[in-house]
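Q: Provided herewith is a single structure, encoded as structure tokens, for subsequent inquiry.
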Amino acid sequence: MAVGQMDRAGSAAPARPIGYGLVVLRKPRLALALIGAVAATALAGAFVLQWGFGVEPCILCLYQRVPYALVAVIAGTGAIFAAPPIWHRRLLQICAAVFATGGALAIYHFGIENQWWASIAACEVEALPTFSVDDLNAAVWAPRKPCDEVGFRLLGLSLAGWNAAASAALAGLTLYAARRGGWQPGAAKSGDQR
């Protein structure tokens, strides 16, 4: 009986338990596929903002893409290949650590944007000393925006702030999936967690 339907006696069907939507995270291979897809989508969104809408990234913005690319590769590879659930849970733990590292980098960038601390990254914009074709090509593809300049805000937060929140949420969900992955009803009682 579906949620919201009535049985023959006229009483409502029992409600779904809390966290029912997170049941996919209990299957480590599916969780890897979901986490990998989310990471790839976030990375694609960054490219759309850059190339489609002209939001110019600084060097720290580019560094913040690396964790999403790593997670997409790690999680995608883990989702494709069959392995014991323990290996999938380990990959989920690695993905959570990568997301947490990306979140720390995003917090650092957010602090630079808000002048809370100075940058130790190479965020300064430099003029070209010569005009050779190689120098011009490098300048075209190199980030030109300083890291303390906010290029885009959404609801008052810069993209670095949103990235910090998203990375923290994704790290938490990935840890939840790693912890709950492979769980079967009654498995905790028998000790068979695989």
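Q: I'd like the FRET efficiency for Leu30 and Glu56, computed as 1/(1 + (r/R0)^6) with the beta carbon distance as r and R0 of 30 Å, rounded to 0.05. Can you show the working numbers first?
A: Working: r = 37 Å, r/R0 = 1.23.
Efficiency, from the Cβ-Cβ distance: 0.20.
Q: Which ³J(HN,Hα) values in Hz, rounded to whole numbers, follow from the phi angles of the range 157-166 under the Karplus curve 6.51 cos²θ - 1.76 cosθ + 1.60, where θ = phi - 60° and Gly and Pro get x?
A: My calculation for the range 157-166 gives 10, 6, 4, 5, x, 5, 5, 4, 5, 5 Hz in order.
Q: Oh, and also: Once you put a point 7 Å from the Cα of Asp134 and another 7 Å from the Cα of Glu149, both along the Cβ direction, what distance in nm separates them?
A: Those two pseudo-labels are separated by 2.8 nm.
Any read-out appearing in this document is the output of simple, stated calculations on the displayed coordinates, not a laboratory observation. As the structure is a computational prediction, the values presented were derived from the model and not from experiment. Quick reminder, even Gly has a Cβ in these numbers, built from the backbone with ideal geometry, and neighbours come from all protein chains shown.
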